[in-house]
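Student: Take this structure first; my questions come after.
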Ligand code: GLN
């Protein structure tokens, strides 16, 4: 049997159109691959029967020469997107067997375009984490391995692991402070967080509403462009959705970087960062220069305040968003002696440690007497960070930086100090605070043989330049390494 799991999304869509194979064939191959890879724990819920039915429906359309942008492609969905009739957990115990009666706008766009959904992918609880170890449904394993099992990054660890393991052709993800780009970097995949407001947040379980953005994780830059083209678009149901026509992301991938000015932000480095990452960054500069870009050096002086500001704003918004999980209307309830006791027991039982920590930080920084000192201050820092980027855009069209300060690390690495974990997000949170599009492209292997990503950050609404630069990096890096399939041995 042909190994259909080696296809890219682009290749699969072309093959389906040319009738080289059917959607049912490639869907069955991916279902088998998902089953073989159960050890990776990438899925919380699989939905194979509906996937087969969707594949058959796609085949009928394709036979008539019809079908949408994603027609017949077996894909995965992060379990933070509400899916009609399919359990949605957000990686938490508190949602119980909550089964939405509605579909998120992003996944409904993808269904309109012919997605075959294989199931719901594992994630950190309520998307809070950088290692996919806070999920109630257990940690996700990175298909890349040296001796120990490694984390795939987080919070979209299931999405990244599934795409890297070739058990789905692409996956949806979300990024509040780096959750698309950091797992992409840890797994040798491509991930883009578009401009805030490009993808509707309607039907996506909220973490920090002013930072949350959906985007794809895929094998190639072009595959990300295809998926984002389907996921994005104006939605009147989300008041922060941007009412602008979508550019042609796919065409942007072929634009090249000739004449573009690429800024190198000198602050995107930190003590203890492996020399591999520093060298890769220098190599990335050379690649873009050779491809015709002009390199300029820029400064984003408030970068050092981004992480503390993020870890005030995100928990503040989370504490408010998560107030709705009270056990009254849906999800789990632990009955107590009175209403307050029921709330307390329900929330103590339903939320994991990291989520409880964030709720406590969030309610603290929003409380009377501390609001000005923390939350308001963080908002001011946020404005400065956005201004830093605006100043940079006077000198350049996009920025090149590392995605993360490290490669994937072992599962279960003791994390007594949560701040150590938060440091993973040091190069990614800035784009969320400023609402900018940013992409991670796999660019090399470190000395242990683990993938490392480079990050391109662009102007608001200018994903086209991000795709152009991302595609140029991808071409120069020629990253072909794949994890060994140890799990299906
Ligand atoms: N790791 C970051 C956090 O824990 C970002 C998570 C995300 O982007 N969803 O908040």
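Quick grid of which residues meet (1) assigned to a loop (DSSP other than H, G, I, E, B); (2) touching a helix residue (DSSP H, G or I) at 6+ places or on another chain (Cβ under 9 Å):
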residue: 197; (1), (2): yes, no
residue: 202; (1), (2): yes, yes
residue: 227; (1), (2): no, yes
residue: 233; (1), (2): yes, yes
residue: 242; (1), (2): yes, no
residue: 254; (1), (2): yes, yes
residue: 257; (1), (2): yes, yes
residue: 271; (1), (2): yes, no
residue: 279; (1), (2): no, no
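Student: If we keep just the residues of segment 420-444 that are assigned to a loop (DSSP other than H, G, I, E, B) and more than 19 Å from residue 190 (Cβ to Cβ), which is farthest from the ligand (Cβ to nearest atom)?
Tutor: That would be 435.
Student: In addition: Can you tell me which residue within segment 169-182, out of those that are touching a helix residue (DSSP H, G or I) at 6+ places or on another chain (Cβ under 7 Å) and either part of a loop (DSSP other than H, G, I, E, B) or under 19 Å from residue 411 (Cα atoms) (or both), is farthest from the ligand (Cβ to nearest atom)? I'd like the intermediate steps shown before the answer.
Tutor: Keep residues of segment 169-182 that are touching a helix residue (DSSP H, G or I) at 6+ places or on another chain (Cβ under 7 Å), which gives 169-179, 182.
Imposing the further condition that a residue be either part of a loop (DSSP other than H, G, I, E, B) or under 19 Å from residue 411 (Cα atoms) (or both) reduces the set to 169, 176-179, 182.
On the way: 169: 23, 176: 4, 177: 3, 178: 5, 179: 3, 182: 7 Å.
Top of the filtered list is 169.
Student: Another question, if that's okay. Does segment 451-489 hold any residues that are surrounded by fewer than 24 Cβ atoms within 10 Å (Cβ to Cβ) and closer than 16 Å to residue 228 by Cα, and which are they?
Tutor: 460, 461, 462, 464, 465
Student: Still on this model: Could you tell me which residue of segment 186-196 is surrounded by the fewest Cβ atoms within 10 Å (Cβ to Cβ), considering only residues that are within 13 Å of the ligand (Cβ to nearest atom) and closer than 14 Å to residue 224 by Cα?
Tutor: The extreme case among them is 191.
Conditions tested, residue by residue: (1) within 11 Å of the ligand (Cβ to nearest atom); (2) within 11 Å of the chain's Cα centre (by Cα); (3) closer than 24 Å to residue 114 by Cα.
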{"residue": "164", "(1), (2), (3)": "no, no, yes"}
{"residue": "167", "(1), (2), (3)": "no, no, yes"}
{"residue": "184", "(1), (2), (3)": "no, yes, no"}
{"residue": "198", "(1), (2), (3)": "no, no, yes"}
{"residue": "208", "(1), (2), (3)": "yes, no, no"}
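Student: Determine which single condition residue 239 fails, assuming it passes every other condition in (1) surrounded by 15 or more Cβ atoms within 10 Å (Cβ to Cβ); (2) modelled with pLDDT of 95 or more; (3) closer than 30 Å to residue 91 by Cβ.
Tutor: Among (1) surrounded by 15 or more Cβ atoms within 10 Å (Cβ to Cβ); (2) modelled with pLDDT of 95 or more; (3) closer than 30 Å to residue 91 by Cβ, the lone unmet condition for residue 239 is (1).
Student: Look through 239, 210, 185, 179 and report the one residue that is closer than 26 Å to residue 132 by Cα and without any contact (Cβ under 8 Å) to a residue 60 or more places away in the chain.
Tutor: The match here is 179.
Student: Among the residues of segment 281-313, which ones are farther than 29 Å from residue 212 by Cα, part of a helix (DSSP H, G or I) and touching a strand residue (DSSP E or B) at 6+ places or on another chain (Cβ under 8 Å)? Full working, then the answer.
Tutor: Taking segment 281-313 first, the residues farther than 29 Å from residue 212 by Cα are 282-283, 285-297.
Okay, now just the ones that are also part of a helix (DSSP H, G or I), so 282-283, 285-290.
Once the filter is applied, which keeps residues that are farther than 29 Å from residue 212 by Cα, part of a helix (DSSP H, G or I) and touching a strand residue (DSSP E or B) at 6+ places or on another chain (Cβ under 8 Å), segment 281-313 yields 283, 285, 288, 289.
Student: Among the residues of segment 119-134, which ones are in contact (Cβ under 8 Å) with a residue 60 or more places away in the chain and more than 9 Å from the ligand (Cβ to nearest atom)?
Tutor: Once the filter is applied, which keeps residues that are in contact (Cβ under 8 Å) with a residue 60 or more places away in the chain and more than 9 Å from the ligand (Cβ to nearest atom), segment 119-134 yields 119, 120, 121, 122, 125, 133.
Student: Let me ask something else about it. Kindly list, by first and then second residue, each pair from a residue in segment 291-311 that is under 16 Å from residue 281 (Cβ atoms) and modelled with pLDDT of 95 or more to a residue that is within 16 Å of the ligand (Cβ to nearest atom) and assigned to a helix (DSSP H, G or I), limited to pairs with Cβ atoms under 7 Å and residues at least 6 apart or on different chains.
Tutor: From segment 291-311, the pairs are 303/430.
The values are calculated or read from the model by the stated rules, or taken from the named source; none is laboratory data. As the structure is a prediction and not an experimental result, all values here were calculated from the model. Note that each Cβ is placed from the backbone with ideal geometry, even for glycine, and that neighbours are counted across all protein chains shown.
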